[in-house]
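The values are calculated or read from the model by the stated rules, or taken from the named source; none is laboratory data. Not measured: the values here are computed from a predicted model. Counting neighbours? That spans all protein chains shown, and the Cβs are built from the backbone with ideal geometry, glycine included. These accessible areas exclude ligands, DNA and RNA; they are computed on the full protein's heavy atoms, side chains included. Shrake-Rupley method; radii C 1.70, N 1.55, O 1.52, S 1.80 Å.
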Amino acid sequence: MNTLIEKEFDIEQPIGLVWKSLADPEDVVTCVPGAAITEKIDDKNYKGEVVTKFGPIKAKYSGDIEIVELNEGEHKMVLKGRGLDSKGKGSADMLMNGTLEEKDGKTQVKFTMDITIVGMLAQFGSRLINDVSDQLLNQFVDNFKNKLSASAPAEESVPDEAAETVAASAGGTAALTSTEKRTEPKTPAPQEDNALNATSLIGTVIKSIFGGIVDFFKSLFGGKKS
Amino acid sequence: MIKCNTSKEIGGMGHSKKRKEDARFIQGKGNYVDDIKLPGMLYMDIVRSPYAYAKIKNIDASKALEIPGVVAVVTGKDLEKYNLHWMPTLMSDTQMVLPTDTVMYQAQEVAAVIATDRYTARDGKEAVMVDYEPMKPVMDPFKAMLPDAPVLRSDKEGKTDNHIWHWEVGDKEKTEEVFNNADITVKQQMHIPRIHVASIETCGCVASYNKVENHLTMYMTTQAPHAIRTVIALVAGHVGLTEEKVRVISPDIGGGFGGKVPVYPGYVIAIAVSFLTGAPIKWIEDRSENLQADSFARDYHITAEMAGTKDGKIQATRFKVLADHGYTDASANPSKFPTGLFSIGTGSYDYGTAYMEADAVYTNKPPGGVAYRCSFRVTEAVHAIERMTDMFAKEVGKDPAQLRMENFIKKEDFPWASPTGWSYDSGDYHAGLKKAMDAVGYHELRKEQLALRAEGKLMGIGISTFTEVVGAGPSKDFDILGIKMFDSAEIRVHPTGKAIARFGTKSQGQGHETTYAQIVAEELGIPMEHIQIEEGDTDTAPYGLGTYASRSTPTAGAAAAMAARKLRAKAKKIAAYLLEVSEQDLEWEPGKFFVKGAPEKAKTIQEIVFAAYTNHPQGMEAGFEATHYYDPPNLTFPSGAYICVVEIDPETCDIKVRRFVAIDDCGNIINPMIVQGQVHGGLTQGIAPAMYEELIYDEAGNILNGTFMDYLVPTAVESPNWETGHTITPSPHHPIGAKGVGESPTVGAPPAIVNAIVDAVAHLGVEHLEIPVTPFKLYKKLKSVGYFDDKA
């Protein structure tokens, strides 16, 4: 199944800082629920994995992420990802277009994700996929904002390695790869805690459905919407 | 009124006897395949493909085999060693049992896990790691026909496209000529969507091979046990399983509807594994496997056309079909009928010119299609003709009931030769429609409709007056894999006058144990309570092609009557001997022979049967048994007149069936209550594709509604109050004048419902709606004609 997700959010941080973090897969991945970079092949190609729990289905996708375009001047990026379910139960393909825009010293982030899912998740989860994606993205945005606000004031004192990474990635073409980097990804492998929580997700979906019904009945009797 | 020839005690034809089989069904005492447990039995589960089209790079079973209790993991490569990795379909196409290198549809069988219990088998299945290389599937049948489409069946030598077969019937040139010169022509493209029989019991088997005896007992959810035995012997004869070494038992079946006619890979794998291990193997599908992988029904893309005069006389029809068969042609049609009996699509109308053609195509969808409660593609044909009749009526400005009345074949014109080659046996279409119109109050409803429209309310009345063709079939035309489609009955009457009768058919809920007993009771006068009916065991029952396509009463029911008549002829001889009169002096009344003019001189059937074992005439064979193989001279042509009234919420587009009147004509009625039950069930399965059911695939090959959460099977909640009735036009060639009825309502209901919905919104500019007509689909249509002006 195919789904197009569009998302827009503002961050109260300067565009340069946001770009630096977003443009570095190894950095930004720490904000994606359940995701990890497992190997950096070169500046444009990474290997990674995502663990999601979806009701009774727990899916672990491992695959490749390719940076198709990284234009710092226009603050525009295009990412392509393809993941295979580790148990052979399906695959997911993603094409992401992201742009940053400066707005009164803040940054507006806009992106679209075109996702094609094949296999069990598509069969059983097709009706929930948009709600779940939305939940995932909200978690990501929260994580990302928290991360930036935590790191921003202390920008000068970030550990050398991280600073180096940010600087190098920002350059886009800088040859940074070292054998250490390839064999020791700095992002830890995804933990259970980091995996998408099924209960909260399904809860959200149910709440949104029933929330609508409750609102409907409240409106019938002149009550306020919850 | 139904006239009964027998007393209530005898319970022959026409008596609303309660179903004998229900005693065990309603108490949970049925014996289904999954109830069978054998010592040392192992359980099988099947690894299925998540992809619609992919290369298999590797299957790693090592983790599965580490699980305690997992006994084996079987792949296509394992079966290849015994040449069991491919099998023929009923349409002489080929189908993988398990793939060796490529998967062709989502949910296709990839490997089988054998374990000591069901749960361990499922755990093992989860642990089998399959490495796929996905390819882009071909899902759209029209795209599959394009010259640049990838050739899916590259396993077939020399195959250069996805086309399977072309079929045509009728007079192409003459039809074209009529269309060119006609006052009025109407044309509509329509899709009869892919649906699933969704029987309550899924498919499964217990394959039990005895190495010492070299004997296979196959307990199986099959509608055609004898045919399956022959197929097993043909496929596995080379490994020693010849036909006398195979016993197929079809125990109680929880609904078949055509879905239990094909041979699915799971059955074959179970047999192969039992053969290799010597252990009984049980395989039972879960609900999603059943819905996603087992044979679909329908999936015909039809371009239908009708030509006629401006005063409303139908002159010709032309249908062109693209049939999406999925990965292989696994239809369950008679061999010579690739489109089944689709050519019945000229309907109940008196015109002499028609042309129909069909092309079948491979796609990356599961194979099929089965005759879902339908005599081989009749549902598709009836939908097309009944929609066209309504469209034509609208075009010429006539009431659809009036136009039908004017175009019906008259009852004195039977037998009637159809332009596509059928000889309709009997019918009285005018009487059926009149009865339905009176029952529903047709003319009042039309007045009410006008009044409601003036108030902005949406109400519609839809008619379907269909002709069915059932009871396949005469041996000159009908066979499956070469075996002629006769059917059989064997009656044994015991010395005390009680009987057992066995049949080559197999009930899946139709009530054979009751109706067959009533037929024998009608002919022999033995109370139906004392006639035991048995089916489904190939070691005991006479050979027959099974139950589907409403063929049981037309074939095996006729065989029962014929076998009973052989016994009655013998009874007459014995009675003459006992009464010391000549046979010519005897007269029959149900239950006894008596001497003409001296009714006190009589012998009951029980006395006669007892004599057959204790005091039979010299020179006569002892005993009281008979067998008959009935080869029907023609099919039977039941008909029906259905009228549906719908109300549509003008804001939400919710569709409510307010009335549904179904007048069926299935010839002489054996058990009115069973017929009514069949009609109720069939109508519910008719509302299903009209308003709810469709198997939906996306471009990537995913099935998007492969569970009952998303595939909407109507329940009691969705079922309106069915108002049923009948007219009786006996079949002139059937021994008891009966036709078939089980599938009539499934075939006839969808166009009545859709015609009603279209009628409700016709004044808004809607000419056609594709099934299933969901509220959302209706909303979009009404928006497209400007009824809604919202921005959503």
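Length available on full extension from B:TYR613 to B:THR303: 0.36 nm per residue minus the Cα-Cα distance, which gives 105.2 nm. Between the beta carbons of A:LEU17 and A:LYS58, assuming R0 = 51 Å, the FRET efficiency works out to 0.90 to the nearest 0.05.
For the stretch A:10-25, list residues with backbone N below 15 Å from a point placed 7 Å from the Cα of A:SER149 toward its Cβ? Output list for this probe position: A:10-14. With a Förster radius of 22 Å, plug the Cβ-Cβ distance of B:ILE67 and B:THR707 into 1/(1 + (r/R0)^6) and report the FRET value to the nearest 0.05. Computed FRET efficiency for B:ILE67 and B:THR707: 0.25. Counted as membrane-span-like here are DSSP H helices of chain B whose alpha-carbon atoms extend 15 Å or more along the helix's own axis and whose Kyte-Doolittle mean is 1.0 or above; these are B:225-236, B:265-277, B:744-761. Normalising the average separation of contacting C-alpha pairs (under 8 angstrom, six or more residues apart) by the number of residues puts the relative contact order of the stretch B:633-685 at 32 percent.
Considering only beta bridges that DSSP places wholly inside the protein assembly as shown, some 85 percent are antiparallel.
Helices in the protein assembly as shown, meaning DSSP H runs of at least 4 residues, each add -39500 (n - 2.57). Divided by all residues, the mean residue ellipticity at 222 nm is -8500 deg cm²/dmol. Accessible area of B:TYR613 (1.4 Å probe, protein heavy atoms only, ligands and nucleic acids ignored): about 90 Å². In terms of its C-alpha gyration tensor, the protein assembly as shown comes out prolate, because a/c is 1.5 or above and the ratio a/b outweighs b/c.
Here the stretch B:11-68 is treated with +1 on each Lys and Arg Cβ and -1 on each Asp and Glu Cβ, and its dipole about the Cα centre works out to around 340 debye. Remark: the B:GLU455-B:GLU587 segment gains 40.7 nm on full extension, using 0.36 nm per residue and subtracting the alpha carbon distance. Between B:HIS763 and A:ASP42, the simple spin-label model (points 7 angstrom out along Cα→Cβ) gives 7.1 nm. Spatial offset of the stretch B:438-465 relative to the stretch B:352-384 amounts to 32 Å, using the alpha carbon center of each. If the segment from B:GLU529 to B:ALA598 were pulled out straight at 0.36 nm per residue, it would be longer than the present Cα-Cα gap by 21.9 nm.
For the stretch B:517-623, the calculated P(r) over all alpha carbon pairs, in 10 Å bins from 0 to the bin holding the longest distance, is 14, 40, 30, 14, 3 percent. The spacing between the stretch B:112-151 and the stretch B:10-86, judged by their C-alpha centroids, is 18 Å.
Site pair B:LYS573 and B:LEU38 shows an inter-label distance of 4.3 nm when each label is modelled 7 Å from Cα along Cα→Cβ. Measuring nothing but how far apart in sequence close Cα pairs (under 8 Å, 6+ apart) lie, relative to its length, the stretch B:504-626 scores a relative contact order of 23 percent. The calculated FRET efficiency for the pair B:HIS443 and B:GLN188, based on their C-beta separation and a Förster distance of 35 Å, comes to about 0.80. Relative to the Cα centre, the charge distribution of the stretch B:432-529, modelled as +1 at Lys and Arg Cβ and -1 at Asp and Glu Cβ, gives a dipole magnitude of about 240 debye.
Report the relative contact order of the stretch B:1-123, percent, no decimals, based on alpha-carbon pairs under 8 angstrom and at least 6 residues apart.
32 percent
Farthest towards the positive end of the charge dipole of the stretch B:1-80, among the residues B:VAL70, B:ILE56, B:MET13, is the Cα of B:MET13, using unit charges on the Cβ of Lys, Arg, Asp and Glu. The distance linking the stretch B:685-753 with the stretch B:225-297 is 27 Å (Cα centroid to Cα centroid, whole angstrom). Spin-label model, B:GLU244 to B:GLU651: label points 7 Å out along the Cα-to-beta-carbon direction sit 7.6 nm apart.
Using only Cα coordinates, the Kirkwood hydrodynamic radius of the stretch B:273-393 works out to 16.5 Å.
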